[in-house]
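Presented below is the structure to which this report refers.
The values are calculated or read from the model by the stated rules, or taken from the named source; none is laboratory data. From a predicted model like this one, the values you see are computed outputs, not experimental measurements. Here the Cβ is made from the backbone with ideal geometry for all residues, glycine too, and neighbour counts use every protein chain on show. Accessible surface is based on the protein model in full, side chains and every heavy atom, while ligands, DNA and RNA are left aside. Shrake-Rupley method; radii C 1.70, N 1.55, O 1.52, S 1.80 Å.
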Amino acid sequence: VDSVITDAQKHGIAERGIPVFANAKSACLSCHKIGHHGATVGPDLTKIGRERTPQQIVESVFWPKRDVKPEYSAVSIVKSDGRVIRGYKVNASPKSVILKDPTNATLVSIPRDEIEAEVVNGTLMPDGLTSAMSRPQQLDLVQFLLSLGKDDGPSLDVVNSSCPISETGSSLKS
């Protein structure tokens with residue numbers, strides 16, 4: 001982890017990390033938001049460089065299952081009728097469990113008497129997303145994430161102008 005941080009700080013260029021982040025192969029924008037762009041399946045990364053340590057950021061990118069914020073730990077509930085509902089647990093009471101659908105933020109209330117099993121799945125972010133990137137791309141992406149939300153990091157205007165991103169979260173460039 002420390003060597004990735006050191007290499008990213010020495011050789012990574014935040015502005016070059018923008019198109020890596022926005023690239024469809026990386027799939028970052030499919031789940032994460034920066035400013036008004038991207039999706040809300042995973043955490044908003046607009047200020048991640050200020051909110052998390054460099055070690056946490058690198059671990060989240062390369063090994064996403066190591067440290068999952070509780071609000072982004074997915075749960076699968078098996079109902080008595082055999083259906084499985086998956087989402088983020090928003091609330092639980094003796095009478096029901098409320099899950100948020102990560103794809104559209106819809107809340108689903110499930111009565112406790114209809115629940116057969118509840119399984120914690122952890123993060124929805126798959127392992128290996130960085131394996132298709134070259135080492136320079138990885139370092140640029142890490143440097144970009146490290147700089148987000150910091151005074152010396154790229155502004156959202158720079159992010160938007162360097163790699164236009166649609167409001168739906170998909171990259172306009174491949």
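Nearest 5 is fine: what % of DSSP beta bridges in the chain come out antiparallel, could you say? Present the calculation step by step, with values, prior to reporting the outcome.
On the way: 23 of 24 bridges.
Given both bridge residues lie in the chain, the antiparallel proportion sits at roughly 95 percent.
Can you tell me the orientation of helix 135-147 relative to the chain, as the angle in degrees between its alpha-carbon axis and the longest Cα principal axis, to the nearest 10?
80
Between segment 137-152 and segment 68-119, what's the alpha-carbon centroid distance in Å?
When both Cα centres are located, 34 Å separates them.
Once you place label points 7 Å from the Cα toward the Cβ at E116 and S30, how far apart are they in nm?
For E116 paired with S30, the spin-label model returns 2.9 nm.
So how strong a dipole does the chain carry about its Cα centre when Lys and Arg Cβ are +1 and Asp and Glu Cβ are -1, to the nearest 20 debye?
My answer is approximately 120 debye.
Starting from the residue with the highest accessible area, list M125, M133 in decreasing order, probe 1.4 Å. Could you put the intermediate results ahead of the total?
Details: M125 50, M133 25 Å².
The ordering from most to least exposed comes out as M125, M133.
Can you find, among V119, L99, A39, the residue sitting farthest towards the positive end of the charge dipole of the chain, where Lys and Arg contribute +1 and Asp and Glu -1 at Cβ?
Checked the options; the winner is V119.
Can you tell me the orientation of helix 2-11 relative to the chain, as the angle in degrees between its alpha-carbon axis and the longest Cα principal axis, to the nearest 10?
In the chain, helix 2-11 runs at an angle near 40 degrees to the longest axis.
Taking 0.36 nm per residue of sequence separation and subtracting the Cα-Cα distance, how much length would be gained by fully extending the chain between S73 and S109, in nm to one decimal? Working shown, then result.
Details: separation 36, 0.36 × 36 = 12.96 nm, distance 1.75 nm.
Length gained between S73 and S109: 11.2 nm.
In segment 51-83, whose amide N lies under 12 Å from the spot 7 Å out along Cα-to-Cβ of V1? List them in ranges.
The answer is 53-68, whose backbone nitrogens lie closer than 12 Å to the label point.
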